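Worksheet for the structure shown next.
The values are calculated or read from the model by the stated rules, or taken from the named source; none is laboratory data. Only a predicted model underlies this, so the values are computations on that prediction, with no experimental measurement involved. Because the Cβ atoms are built from the backbone with ideal geometry, glycine has one as well, and the counts that use them run over all protein chains shown. Surface areas here come from the heavy atoms of the whole protein model, side chains and all, with no ligands, DNA or RNA. Shrake-Rupley method; radii C 1.70, N 1.55, O 1.52, S 1.80 Å.
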Amino acid sequence: MVVAGEYQSKTIISKQLYERARRYLPGGVTYAVKYWEPYPVYARRAKGSRVWDVDGNEYVDFWMGHFAIIMGHAYGPVLEAAREQIELGAHLGYCHEWEIEHARIISEMSPCVELFRATNSGTEANMYAVRLARAYTKRSKIGKFEGNWHGGYDALHKAVNPPLDKPPSLGLTENTLSDTIALPYNDIDGVRKIAKKEQLACIVIEPIMGAGGFIPAEREFLKGLRELCDEEGILLIFDEVITGFRLARGGAQEYYGVIPDLAVFGKTIGGGVFPAGGFGGRAEIMELLDHTKGRKPYENVFHGGTYAGNPLSTRAGYVVLSELKKGEVYPKIDGLGEKARSGLREIFARYGITAHVTGVGSVFGIHFTQEKPRDVRTATQTRDVERCKRFFRHLISNGILFLKPDKPVFSVSAAHSSEDIEKLLSLVEDFARKEAKQ
Ligand SMILES: Cc1ncc(COP(=O)(O)O)c(C=O)c1O
């Protein structure tokens with residue numbers, strides 16, 4: 001995809017930075033998801049719902065730090081707490097009060113969490129949760145869903161995008177790949193058949209497929225999954241890295257009324273700005289991490305890390321979670337999400353553009369597909385990738401930032417306004433008008 005000349009003339013410094021980046025970083029980036037052709041914009045600062053790039057262009061941001069930022073960029077109370085904590089010690093290396101307060105508020109808000117442990121990222125949290133499930137059930141194999149993304153951990157890095165039968169990365173061993181069983185999303189009969197055959201330690205699921213296009217699990221499907229796991233002695237793990245504290249105070253567990261055995265968190269629990277993750281769940285399972293029980297060291301499950309539960313991330317997370325716990329943010333962000341979804345549907349219908357808008361609450365995805373997607377197969381088989389790319393080009397050239405060029409996904413924060421959504425809708429209407437003429 002070549003972005004129109006207009007983009008290039010507005011982003012001269014970004015282009016220079018990208019040329020410099022290519023010399024030192026493979027592909028010029030730290031994460032391929034942040035790249036688009038011919039080069040990405042380089043952000044300088046952000047405030048509220050806005051981001052400014054190094055060339056001084058202003059954008060309404062719908063990517064919001066990989067969906068981590070619920071209160072808006074540069075949220076005052078987090079800045080204040082972080083400044084104070086940096087003075088006191090961002091990395092103390094000893095036990096401190098914020099790790100307790102952080103775990104306490106997560107446990108109070110998240111229905112399944114009796115005990116909690118912090119990590120540095122969602123990837124790491126998934127890794128430890130899977131390890132714990134294997135230890136608890138004394139089984140090796142694990143189940144994960146096609147199209148679900150849980151970070152780069154080997155055991156969960158399987159069947160993310162088509163072709164689903166090919167490992168998504170080099171360097172994954174055959175043993176690792178064969179210990180992970182890919183499951184069909186939103187298809188309880190399909191999952192049941194596999195679960196009856198395999199001895200699974202756990203099934204890990206994104207209750208709403210995030211990177212896969214904000215495709216929600218169907219309520220009956222999740223309920224069926226809970227029952228199936230109970231029947232088969234499988235631990236159910238919700239990856240709430242995106243949905244946690246965003247979908248509701250109690251995340252997807254509260255929204256769906258389905259309580260997993262373990263839940264994995266990330267993004268928001270570091271205040272949306274500092275690296276963080278964590279996992280928690282039933283005390284009886286988490287207790288395997290407790291080294292004070294008088295067991296031999298090798299009879300415990302290990303978890304830890306230099307920066308795990310550091311005071312800066314946990315304090316920033318605590319500040320944001322305390323605000324979310326009041327519950328006042330949800331009507332606002334959910335209302336903006338709904339305004340966007342209904343506006344987008346209306347525009348696409350009016351101009352006869354084949355598109356489906358998915359999502360729940362403050363997150364939504366646009367799918368230029370023939371049928372409404374309910375899993376990764378239906379989201380990709382008939383996707384009009386060229387239309388996605390034209391859509392992306394149109395929006396970023398006109399002051400809206402989001403990702404990804406081939407799969408548009410959006411999130412709103414408490415700092416977004418109705419005007420931000422109206423700007424999005426008006427640009428989408430221009431786009432639909434042009435597309436309808438083609
Ligand atoms: C649902 C989900 N799980 C896990 C991860 C991995 O988290 P991290 O990037 O913090 O390692 C992500 C990241 O985007 C995610 O969306």
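If each DSSP helix of 4+ residues adds -39,500 (n - 2.57) and the sum is divided by the residues in the chain, what number results at 222 nm, nearest 500 deg cm²/dmol?
My calculation for the chain gives -12500 deg cm²/dmol from helical runs alone.
How far, in degrees from 0 to 90, does helix 188-197 lean away from the longest principal axis of the Cα atoms of the chain, to the nearest 10?
Approximately 40 degrees, to the nearest 10.
Take peptides 270-278, 366-374 and line them up by average Cβ neighbours within 10 Å, highest first, as a rough protection proxy.
In decreasing order of mean packing, 270-278, 366-374 become 270-278, 366-374.
Defining a contact as two alpha carbons under 8 Å apart and six or more residues distant in sequence, what relative contact order in percent does the stretch 76-325 show?
31
Could I have the simple spin-label model distance between Gln16 and Tyr307, label points 7 Å from Cα toward Cβ, reported in nm to one decimal?
3.0
For an R0 of 45 angstrom, estimate the FRET efficiency from the Cβ-Cβ distance between Tyr24 and Leu177 and round to the nearest 0.05.
Taking R0 as 45 Å, the efficiency between Tyr24 and Leu177 is 0.90.
Rank-order 138-151, 379-392, 79-92 by packing density, defined as the average count of other C-beta atoms within 10 Å over each peptide's residues, highest first.
Ranked by mean Cβ neighbours within 10 Å, highest first: 138-151, 379-392, 79-92.
I'm checking a number: the convex hull volume of the Cα atoms of the stretch 76-325, normalised per residue, in Å³. What is it?
Residue-normalised Cα hull volume stands at 126 Å³.
So if we plug the beta-carbon distance of Ala436 and Glu97 into 1/(1 + (r/R0)^6) with R0 = 41 Å, what FRET efficiency do we get, rounded to 0.05?
0.10
Based on the inverse mean of 1/r over its pairs of different Cα atoms, what is the Kirkwood hydrodynamic radius of the chain, in Å?
By the Kirkwood definition, the hydrodynamic radius is 22.5 Å.
Over the chain, what relative contact order in percent results from Cα pairs under 8 Å that are six or more residues apart?
20
Would you mind working out the accessible area per residue for the chain, using a 1.4 Å probe, and quoting it in Å²?
Roughly 43 Å² per residue, with all protein chains present.
Treating cross-link reach as a plain straight distance, find the aspartates and glutamates whose alpha-carbon is under 19 Å from the alpha-carbon of Lys197, omitting any fewer than eight places away in the same chain.
Glu146, Asp179, Asp187, Asp189, Glu227, Asp230, Glu231, Glu232
Work from the charge dipole of the chain (Cβ charges, +1 for Lys and Arg, -1 for Asp and Glu, about the Cα centre) and give the residue of Thr292, Ala90, Val60 farthest towards its positive end.
Result: Val60.
How large is log10 of I(q)/I(0) for the stretch 1-148 at q = 0.15, 0.18, 0.20 Å⁻¹ when the intensity is taken from the Debye formula with one equal scatterer per alpha-carbon?
-1.10, -1.23, -1.30
So, by mean Cβ neighbours within 10 angstrom, what's the order for 195-208, 322-335, 17-30 with the highest one leading?
With the highest mean Cβ count within 10 Å placed first, the list reads 195-208, 322-335, 17-30.
Taking the Cβ of Ala308 as the center, what net charge do the other residues with Cβ under 11 Å away carry, scoring Lys and Arg +1 and Asp and Glu -1?
-1
Expressed as a whole percentage, what fraction of the accessible surface of the chain belongs to carbon and sulfur atoms when a 1.4 Å probe is rolled over the protein heavy atoms?
52
Relative to the first principal axis of the alpha-carbon coordinates of the chain, what is the inclination of helix 97-109, with its axis defined by its Cα atoms, in degrees from 0 to 90 and to the nearest 10?
80
Can you give the net charge of the other residues whose Cβ lies under 14 Å from the Cβ of Cys388, counting K and R as +1 and D and E as -1?
+2
Provide the three semi-axes, in whole Å and in decreasing order, of the ellipsoid equivalent to the stretch 1-49 as defined by the square roots of 5 times the Cα gyration tensor eigenvalues.
Result for the stretch 1-49: semi-axes of 17, 16, 11 Å.
Find the centroid of the Cα atoms in the stretch 155-176 and in the stretch 1-56, then give the distance between the two in whole Å.
Each part reduced to its Cα centre gives a spacing of 29 Å.
Given Cα pairs under 8 Å that are at least 6 residues apart, what percent is the relative contact order of the stretch 298-405?
After rounding, I find 13 percent.
Rounded to the nearest 5, what % of DSSP beta bridges with both residues in the stretch 76-325 are antiparallel?
Taking every DSSP beta bridge with both residues in the stretch 76-325, the antiparallel ones total about 45 percent.
Against the longest alpha carbon principal axis of the chain, how many degrees, from 0 to 90 and to the nearest 10, is the axis of helix 122-137 turned?
30
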